[in-house]
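Written below as structure tokens is the structure these notes are about.
The values are calculated or read from the model by the stated rules, or taken from the named source; none is laboratory data. These numbers were taken from a predicted model, which means no experiment stands behind them. Here the Cβ positions follow ideal geometry from the backbone for every residue, glycine too, while neighbour counts run over all protein chains shown. SASA here: full protein model, heavy atoms, side chains in, ligands and nucleic acids out. Shrake-Rupley method; radii C 1.70, N 1.55, O 1.52, S 1.80 Å.
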Amino acid sequence: MGEQAHGEPETATARRLSVRQEDPDPRSLPAAAPQAGPAGPQRPARPPMEVSQLSHRRVNKRTGAIAAASAAALAGAVILLPNANASDEKEAAPRTFAGPAAAKTGTALAADLGADAAGWYFDGESGRLVMNVLDEEAAETARAKGAEARIVDNSMAELKAATQTLSDRASIPGTAWSIDPRTNKVSVLADRTVTGDRLAELEQATDGMAGLVTVKRSQGEFKPFADGGDAIFGGGSRCSLGFNVDVNGAPGFLTAGHCGNIAAAWTNDQAGAEPLGTTAESVFPVSDFALVMYDDPATEAPSTVDLQDGTTQEITGAAEASVGMEVQRSGSTTGLSDGTVTGLNATVNYGNGDIVNGLIQTDVCAEPGDSGGAMFSGTSAVGLTSGGSGDCTQGGETFFQPVTTALEAVGATIGAGGAGAGGGAGAGGEAGDGAAGEQAGGEGGIGAGDEGAGAGEEGLGGGADRRDGQGSRGGFSGAGAGHGS
């Protein structure tokens, strides 16, 4: 090569530029050389790209497109996450329960939550178990069990303290109260006899418990339903037979304690010509139940309830009541009535110092002569008619002695392996539906059974099953179906 214009030697850069100008490669593409900075030396030009290099770059662009699509998919997944969460929330919506399952779950859940639970009830219309709780953490626990959680103001300890205050300061004849989980308050009822000084005393006791107590008037008069009826007879009174039971292999039946207190011997007829049984144990007041043992140890005592239409309902177990439970009552005066449990652990002051605690409050009607009669839910024995106000024309409130408490106290069982003394009445676990054992209570059943609260096979039936065969309505109880022998 020759020298450049100013006599300087030809540089390598100059040679490359010369070659590119003189012999251009048709496969190459021009590449602009980077501009050197004002103070820096000029950088060498980038070599031209080969076709193979261009093809590789196109592959990179395709990869970039795929990467972009992946990023878009990720973005779409992120956008879809809220929908996925919404699906999870839908799955955590309150379950639909049957009554016995609600009682079982509610009792167990309340025990698990302890002081954070403030009562619960069963909403029969929606089939939901509603659990009252005090904070969001407890609410999440309740929801996880399928319950509808409701955060409330009053704790169970506060509500129970209010009932104790009423017992101490407002023990007035004609009053009753129970904890109402629907309102999260103590519901106080005053019958028509509570007037003047008595009413003023009640108002003074409740005025200091605003937010904890509600007071309502009842149009009737609270009294035990011990008069009238055509069922069992004793001491000049007539009552209704509740449920047949077994006591160490011997047959007997449960009725109201205020009935058991007035008679040692019971007969099928008002004249006293047909002996039936002898009162073995009776508790009234405080509680309201009695155990009568059949005089004839060979008496057949099946477990059914007379439905007053020529048919009977088999009773296969005993069950704890729950607010919202749908129940039926059979009595010798008014026949069959139905309604709903509205309160638990009710205290009723019948007057004359007769105060009974721990009762089941309902909107079921009853009248004199229905005392001791059966209250049941499906195949489960629930209560014994105690007393109340009103009648089956105008309606009213009726209170029932829990069957499970009576069974445990007298050491009796209902049906094969059913509910009675011993075995574990209590919250939670499996008990209730006889062999199926599905209701509130311990796994061994409510009371002495091994497999749940049982109840017999056929029941105390109506007059068609009576030994005297008189009438389809009566039996000796109007609540059960004859015992036969």
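Per-structure values
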read-out: Considering residues of region 111-140 that are closer than 21 Å to Thr340 by Cα and outside any strand (DSSP E or B) only, the residue least open to solvent (accessible area, probe 1.4 Å); value: Gly127
read-out: Residue list for region 183-213, restricted to those being hydroxyl-bearing (Ser, Thr, Tyr), open to solvent by 40 Å² or more (accessible area, probe 1.4 Å) and under 20 Å from Val356 (Cα atoms); value: Thr193
read-out: Residue match in region 169-177 (condition: among the hydroxyl-bearing types (Ser, Thr, Tyr), crowded, with 22+ Cβ neighbours inside 10 Å and at pLDDT 95 or above); value: yes
read-out: Residue list for region 360-382, restricted to those being β-branched (Val, Ile, Thr) and open to solvent by less than 10 Å² (accessible area, probe 1.4 Å); value: Ile360, Thr362, Val364, Val382
read-out: Selection within region 235-245 - part of a strand (DSSP E or B) and surrounded by fewer than 23 Cβ atoms within 10 Å (Cβ to Cβ); value: Ser237
read-out: Residues of region 264-288 that turn out to be touching a Leu at 6+ places or on another chain (Cβ under 8 Å) and open to solvent by less than 10 Å² (accessible area, probe 1.4 Å), as a count; value: 3
read-out: Unmet criterion (only one of (1) modelled with pLDDT under 50; (2) surrounded by 21 or more Cβ atoms within 10 Å (Cβ to Cβ); (3) not in a loop (DSSP other than H, G, I, E, B)) for Ala435; value: (2)
read-out: All positions within region 325-336 that are buried (at least 24 other Cβ atoms within 10 Å of the Cβ) and either closer than 19 Å to Asp246 by Cα or of a type in the set (Gly, Ala, Ser) (or both); value: Ser330, Gly331, Ser332
read-out: Condition met for Asn261 (under 22 Å from Gly353 (Cβ atoms) and surrounded by fewer than 24 Cβ atoms within 10 Å (Cβ to Cβ)); value: yes
read-out: Selected residue (only one of Thr385, Thr398, Thr347 is assigned to a strand (DSSP E or B) and surrounded by fewer than 23 Cβ atoms within 10 Å (Cβ to Cβ)); value: Thr347
read-out: Tabulated pairs, region 297-309, first acidic (Asp, Glu), second surrounded by fewer than 24 Cβ atoms within 10 Å (Cβ to Cβ), C-beta under 6 angstrom, 6+ apart or interchain; value: Glu300/Gly484
read-out: Contacts under 8 angstrom Cβ, first residue in region 116-133 being of a type in the set (S, T, N, Q), partner crowded, with 20+ Cβ neighbours inside 10 Å, 6 or more apart; value: Asn132/Ala117; Asn132/Ala118; Asn132/Gly119; Asn132/Trp120; Asn132/Pro181; Asn132/Asn184
read-out: Strands (runs of 3 or more DSSP E) contained in region 286-343 and holding at least 1 residues closer than 22 Å to Phe233 by Cβ and at pLDDT 90 or above; value: 289-294, 326-331
read-out: So Lys216, is it closer than 28 Å to Gly372 by Cβ, open to solvent by 70 Å² or more (accessible area, probe 1.4 Å) and modelled with pLDDT under 90; value: no
read-out: Asn357 being under 23 Å from Asp168 (Cα atoms), open to solvent by 10 Å² or more (accessible area, probe 1.4 Å), of a type in the set (S, T, N, Q) and modelled with pLDDT under 95; value: no
